[in-house]
Amino acid sequence: MSCVKGRYIWFFCKQMLTVCFSMSQANATAASVVTEFFIVGFPGLLPKYYSLMAAFLFCIYIAVITGNSLIVVLFVTERSLFKPMYIIMLSLSLSDIGFCTVALPKVISRYWFNDGYITFYVCLFQRQLIHYFGTLNSLIMMIMALDRYLAICYPLRYLVLMTNRTMRLLIGLSWVTAMIAPTISLMQTVKLPFCGPNMIANCFCDSTSMNQLACADVSQSNLISYGVAMFVLLVPFSFIIFSYVCILVSVLQIANAQGRMKAFSTCATQLTIIIIYYVPRFVVYSSSNIPNIQINSSQRIALVMFYSLLPPLVNPFIYCIRIKEVRQFFLKWCVQRDRMSLKVHRLTISK
């Protein structure tokens, strides 16, 4: 008799578990009703300035694509520039082109055509690539600091320590491993239910903006995302600071004043871009996790756009102006173009 009761109890419990599991699945499906998001952009921007903002972002996008594409074409066509430092610059230009191509077209469309809607999975894909290129740039800047450290601190051994093959290996490893950190954060976001609202308070989909819209406790997800972001930022940044401290010590030991100025000039520009890249990012990521750092939504978005767009915009111009070999190539290219135009003009006149 007890055996029969046990069977009935087990059957009843089994049926209840099945019903509960089915109800939980139904609730989860009902909770994740958001199929698309809307990119808000800058919340306080008046509608009469939408076209101006779209034109401004479009000009930035064209400038970034044009400048970085020139760098890519230059290094692909000019064999003499196949050196470790230029491999870094080529990789950085490709990463900047990728980031701006992922981030800007949708927000430009939002302000120009009022088309800010983006589907749920496309938003996830954009979010993944946004954080991927951010991580990649951080790793590339660390490799750049390593290259300058070896070039200035160990100039006699530099050609042995840093070959083209070694640099290609480091850059290739960076492009592959940069996907790990964003994927860890993405897996946390995918688990969250989204039942509304669907307004992304940013110019593109990112981890913080999406997690704020989840219909669940996101404290654990935010903590994991923050930990991953700090690891991606602070580990390369710590190595960069160490490298430049060693570079500074080595430069101060150079007896030749002209040599010191040249070394300082080479590193100062790179260090400025690195500070612009890392410091605002730390403020944005820490604002929601450190009580003493408080910024509003508009300030946060402005900082995000500042550190996201300024380095890709100025990098090509800085490197083209600062590096002698690049200046010489562009000068030679302009002279050849003028000569070709002159020949075509003469042939046209003779006919």
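The values are calculated or read from the model by the stated rules, or taken from the named source; none is laboratory data. As the structure is a prediction and not an experimental result, all values here were calculated from the model. Glycine also receives a Cβ, built like all others from the backbone with ideal geometry; neighbour counts cover every protein chain displayed. To get the accessible areas, we keep the full protein, side chains included, count just its heavy atoms, and leave off ligands, DNA and RNA. Shrake-Rupley method; radii C 1.70, N 1.55, O 1.52, S 1.80 Å.
Select from the range 61-88 the residues that are polar (S, T, N, Q), touching a residue at least 12 places away in the same chain (Cβ under 8 Å) and surrounded by fewer than 17 Cβ atoms within 10 Å (Cβ to Cβ) and list them in ascending order. Write out each step before concluding.
Within the range 61-88, the subset polar (S, T, N, Q) is 66, 68-69, 77, 80.
With touching a residue at least 12 places away in the same chain (Cβ under 8 Å) added as a condition, the list becomes 68-69, 80.
Correct list: 69, 80.
Return the pairs, sorted by first residue and then second, in which the second residue is among the acidic types (Asp, Glu) and part of a helix (DSSP H, G or I), the first residue lies in the range 129-146 and is in contact (Cβ under 8 Å) with a residue 40 or more places away in the chain and within 14 Å of residue 87 (Cα to Cα), the beta carbons are less than 9 Å apart, and the residues are 6+ apart or on different chains.
Pairs found: 137/96.
Tell me, please, whether a residue that is in contact (Cβ under 8 Å) with a residue 24 or more places away in the chain, under 25 Å from residue 270 (Cβ atoms), of a type in the set (Lys, Arg) and open to solvent by 20 Å² or more (accessible area, probe 1.4 Å) can be found in the range 96-108.
No, the range 96-108 contains no residue that is in contact (Cβ under 8 Å) with a residue 24 or more places away in the chain, under 25 Å from residue 270 (Cβ atoms), of a type in the set (Lys, Arg) and open to solvent by 20 Å² or more (accessible area, probe 1.4 Å).
Please determine, by comparing only the residues of the range 74-92 that are within 22 Å of the chain's Cα centre (by Cα) and β-branched (Val, Ile, Thr), which one is nearest to residue 174 (Cα to Cα).
Here the answer is 88.
If I filter the range 151-166 for residues that are over 26 Å from residue 250 (Cα atoms) and surrounded by fewer than 19 Cβ atoms within 10 Å (Cβ to Cβ), do I get at least one hit?
Keep residues of the range 151-166 that are over 26 Å from residue 250 (Cα atoms), which gives 165.
From what is left, the residues that are surrounded by fewer than 19 Cβ atoms within 10 Å (Cβ to Cβ) are 165.
Looking for residues that are over 26 Å from residue 250 (Cα atoms) and surrounded by fewer than 19 Cβ atoms within 10 Å (Cβ to Cβ), one finds at least one in the range 151-166, hence yes.
Test each condition in (1) in a helix (DSSP H, G or I); (2) of a type in the set (Gly, Ala, Ser); (3) over 14 Å from the mean Cα position of the chain (by Cα) for residue 196 and report the one that comes out false.
Checking residue 196 against (1) in a helix (DSSP H, G or I); (2) of a type in the set (Gly, Ala, Ser); (3) over 14 Å from the mean Cα position of the chain (by Cα), the one that fails is (1).
Determine, yes or no, whether residue 275 is surrounded by fewer than 16 Cβ atoms within 10 Å (Cβ to Cβ), among the β-branched types (Val, Ile, Thr), out of contact with any Gly (no Cβ under 9 Å at 6 or more places or on another chain) and at pLDDT below 75. Give the derivation first.
On the way: surrounded by fewer than 16 Cβ atoms within 10 Å (Cβ to Cβ): yes; among the β-branched types (Val, Ile, Thr): yes; out of contact with any Gly (no Cβ under 9 Å at 6 or more places or on another chain): yes; at pLDDT below 75: no.
For residue 275, the condition - surrounded by fewer than 16 Cβ atoms within 10 Å (Cβ to Cβ), among the β-branched types (Val, Ile, Thr), out of contact with any Gly (no Cβ under 9 Å at 6 or more places or on another chain) and at pLDDT below 75 - is not met.
Which residues, counting only those in the range 147-159, are free of Cβ contacts under 8 Å to residues at least 60 places away in the same chain and either touching a Gly at 6+ places or on another chain (Cβ under 7 Å) or hydroxyl-bearing (Ser, Thr, Tyr) (or both)?
If the condition is that a residue be free of Cβ contacts under 8 Å to residues at least 60 places away in the same chain and either touching a Gly at 6+ places or on another chain (Cβ under 7 Å) or hydroxyl-bearing (Ser, Thr, Tyr) (or both), then 154, 158 are the ones that fit.
Would you tally the residues in the range 236-255 being without any contact (Cβ under 8 Å) to a residue 24 or more places away in the chain and over 11 Å from residue 146 (Cβ atoms)?
Matching residues across the range 236-255 total 9.
Going by the conditions given, is residue 71 in contact with an Asp or Glu (Cβ under 7 Å, 6 or more places away or on another chain), in a helix (DSSP H, G or I), of a type in the set (Val, Ile, Thr) and modelled with pLDDT under 90? Talk me through it step by step, then tell me what you get.
Numbers: in contact with an Asp or Glu (Cβ under 7 Å, 6 or more places away or on another chain): no; in a helix (DSSP H, G or I): yes; of a type in the set (Val, Ile, Thr): yes; modelled with pLDDT under 90: yes.
Against the criterion (in contact with an Asp or Glu (Cβ under 7 Å, 6 or more places away or on another chain), in a helix (DSSP H, G or I), of a type in the set (Val, Ile, Thr) and modelled with pLDDT under 90), residue 71 does not qualify.
Kindly indicate whether residue 210 is closer than 16 Å to residue 142 by Cβ, of a type outside the set (Gly, Ala, Ser) and touching a residue at least 40 places away in the same chain (Cβ under 8 Å). Write out each step before concluding.
Details: closer than 16 Å to residue 142 by Cβ: no; of a type outside the set (Gly, Ala, Ser): yes; touching a residue at least 40 places away in the same chain (Cβ under 8 Å): yes.
Criteria not met by residue 210.
Considering each residue of the range 202-216, count those that are in contact with a helix residue (DSSP H, G or I) (Cβ under 7 Å, 6 or more places away or on another chain) and crowded, with 18+ Cβ neighbours inside 10 Å, and give that number.
Step one: list which residues in the range 202-216 are in contact with a helix residue (DSSP H, G or I) (Cβ under 7 Å, 6 or more places away or on another chain), which gives 202-207, 210-211, 215.
Then keep just the ones that are crowded, with 18+ Cβ neighbours inside 10 Å; that gives 202-207, 210-211.
Final tally of qualifying residues: 8.
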